[in-house]
1. Amide H of Ser38 versus every other amide H placed in the peptide plane: which residues, excluding those fewer than 5 positions away on the same chain, fall under 5 Å?
2. Using Cβ contacts closer than 10 Å as the measure, can you line up Val64, Val48 from fewest to most?
3. So for Leu133, Leu139, Leu68, fewest C-beta neighbours within 10 Å to most, what's the order?
4. Under 5 Å between amide hydrogens, which residues at least 5 positions from Leu137 or on another chain qualify, with H placed 1.01 Å from N in the peptide plane?
5. Can you list the equivalent-ellipsoid semi-axes of segment 5-100, largest first and in whole Å, using the square root of 5 times each Cα gyration tensor eigenvalue?
Amino acid sequence: MTKDTDSVNRKDLQAFYNSSAEAKAVLDHFASRERNWSETTIDRLLWVLAQDGNRMSRGAIIDVFRRLEALECGRFLAGRKGHPSRFEWSVGLVDVGRAAAGELVKIEAAPAKELTEPTDDLLEHRFRLRKELDVPLRLPADLTSAEAARLAAFIQTLPFEANGGTSDSGAKS
């Protein structure tokens with residue numbers, strides 16, 4: 001989606017930025033980014049904001065996206081049929097964040113659709129469970145010790161018996 005960048009009303013954008021703590025946190029995050037993306041999912045934005053110490057509700061993010069849509073920065077799409085709720089940018093999100101904060105920047109068109117943000121920060125790990133069996137695990141890149149302990153405790157609850165014996169159900173493991 002391309003856009004005539006002159007249609008973004010900077011005055012209204014800055015008023016929105018100054019009127020809402022949630023908008024300020026979201027737009028400051030966008031301004032701090034190095035790259036523009038063609039879309040931003042709610043789940044991804046919730047996660048990165050929480051990593052920065054800005055916890056907010058899903059509804060607050062939706063409100064910010066709906067207002068950005070009204071300001072002609074793109075369009076909000078509610079998730080349907082397995083697609084996540086997201087904002088499709090018609091202009092550069094970095095430029096929008098910087099303009100909202102009062103910087104004199106040119107608001108460029110959004111990048112091509114291929115440049116979408118990663119949906120998660122998960123790393124693929126492979127665990128050799130048996131000589132002939134590797135088990136893939138996708139875990140957060142910032143996995144904490146507490147989360148690892150919870151995962152280990154969960155695995156210990158699975159119905160395994162030592163030395164290839166039978167499980168609680170009587171079937172061979």
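1. Leu115, Thr116, Glu117
2. With the sparsest Cβ surroundings first, the list reads Val48, Val64.
3. Leu133, Leu139, Leu68
4. His125, Arg126, Phe127
5. Three semi-axes, in Å: 19, 16, 13.
A short reminder: the numbers here are calculations on the coordinates, not readings from a lab. Just so it is clear, the structure is predicted and the values come from calculations on it, not from any experiment. With ideal geometry, Cβ positions are generated from the backbone for all residues, glycine too; neighbour counts draw on all protein chains shown.
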